[in-house]
Amino acid sequence: MTRGEKVFETELNLITNNEIRELIVDILRFAPRYFWQVPSSTSAKYHPPDENKVGGKLLHTKRAVYIAYQLARMHDLSKLETDLLIGAMIIHDICSQGSANIPSQRTEPDHPLLVRKITTDLEQRPYYDDVMSIVETHMGRWGPIPPKSELQNLAHISDYISSRKEVVINVRYDSNRQ
């Protein structure tokens with residue numbers, strides 16, 4: 001079992017399509033080393049206090065996935081659409097502080113585009129472009145590409161809500177499972 005499979009076991013199990021699940025596991029292998037340890041916010045201006053410490057980015061990701069899953073159910077998305085949304089949310093911030101193994105001191109404004117740049121070896125895989133189009137638009141109007149589709153908008157909403165200081169969702173996260 002890879003590090004990504006251990007940390008995101010619960011979230012990966014929400015994905016019913018094996019090709020999408022395997023794609024996300026493989027993309028997680030490209031995550032810069034810092035992703036597994038950094039706080040969720042570089043400035044501590046955003047995100048709940050429990051995310052502003054070691055492992056906070058992982059906790060934020062789990063919360064964003066939880067919200068995305070609930071929105072998918074509320075919007076009566078198909079299994080495929082739900083799988084694409086969940087998969088994208090698992091990897092949406094793997095390059096938030098850049099694509100190098102040493103994190104920048106701030107959130108990179110183009111980080112939604114960096115995931116595709118570090119995973120070009122996987123671009124021929126089924127669903128790759130579908131997942132990337134959601135990741136690349138997850139920042140909404142503040143990002144490099146605004147969302148256009150329902151899935152892109154739901155990803156943005158999930159990320160936005162999960163980054164509010166006032167919103168704390170109890171998800172299971174054990175920092176020792178890395």
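The values are calculated or read from the model by the stated rules, or taken from the named source; none is laboratory data. Bear in mind that the values here come from a model prediction, so they are computed numbers and not experimental data. Reconstructed Cβ throughout: ideal geometry from the backbone, glycine too, with neighbour counts over all protein chains shown.
Restricted to region 25-58, and to residues that are touching a Lys or Arg at 6+ places or on another chain (Cβ under 8 Å) and among the acidic types (Asp, Glu), which residue is surrounded by the most Cβ atoms within 10 Å (Cβ to Cβ)?
51
Anything in region 83-103 that is hydroxyl-bearing (Ser, Thr, Tyr) and surrounded by fewer than 24 Cβ atoms within 10 Å (Cβ to Cβ)? List them, or say none.
99
Of all residues in region 72-82, count the ones that are part of a helix (DSSP H, G or I) and either among the aromatic types (Phe, Trp, Tyr) or surrounded by fewer than 20 Cβ atoms within 10 Å (Cβ to Cβ) (or both).
5
For region 106-121, which residues satisfy the criterion of being in a loop (DSSP other than H, G, I, E, B) and closer than 14 Å to residue 32 by Cβ?
Listed by number, the residues that qualify are 107, 108, 119.
Among the residues of region 109-123, are any among the basic types (Lys, Arg), more than 12 Å from the chain's Cα centre (by Cα) and more than 19 Å from residue 2 (Cα to Cα)?
Yes, that holds for at least one residue.
Looking only at region 122-165, how many residues end up being assigned to a helix (DSSP H, G or I), in contact (Cβ under 8 Å) with a residue 60 or more places away in the chain and surrounded by fewer than 23 Cβ atoms within 10 Å (Cβ to Cβ)?
Qualifying residue count, region 122-165: 5.
Consider region 9-24. How many of its residues are surrounded by 19 or more Cβ atoms within 10 Å (Cβ to Cβ) and in a helix (DSSP H, G or I)?
6
Mind telling me which of the residues 48, 109, 39 ends up being out of contact with any Ser or Thr (no Cβ under 6 Å at 6 or more places or on another chain) and under 22 Å from residue 146 (Cβ atoms)?
109
Condition first: of a type in the set (A, V, I, L, M) and either touching a residue at least 24 places away in the same chain (Cβ under 8 Å) or in contact with a Pro (Cβ under 8 Å, 6 or more places away or on another chain) (or both). Now tell me which residues in region 81-117 satisfy that.
Correct list: 84, 85, 86, 88, 89, 90, 91, 94, 100, 102, 113, 115.
Taking residue 57 as meeting all but one of (1) at pLDDT 95 or above; (2) in a helix (DSSP H, G or I), write down the number of the exception.
Failing condition for residue 57: (1).
The rows are residues; the columns are (1) out of contact with any Pro (no Cβ under 7 Å at 6 or more places or on another chain); (2) modelled with pLDDT of 95 or more; (3) within 14 Å of residue 58 (Cβ to Cβ).
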{"position": "1", "(1), (2), (3)": "yes, no, no"}
{"position": "16", "(1), (2), (3)": "yes, yes, no"}
{"position": "19", "(1), (2), (3)": "no, yes, no"}
{"position": "23", "(1), (2), (3)": "yes, yes, no"}
{"position": "27", "(1), (2), (3)": "yes, yes, no"}
{"position": "30", "(1), (2), (3)": "yes, yes, no"}
{"position": "39", "(1), (2), (3)": "yes, no, yes"}
{"position": "42", "(1), (2), (3)": "yes, no, no"}
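Would region 45-54 turn up any residue that is within 20 Å of residue 138 (Cα to Cα) and assigned to a helix (DSSP H, G or I)?
Yes, that holds for at least one residue.
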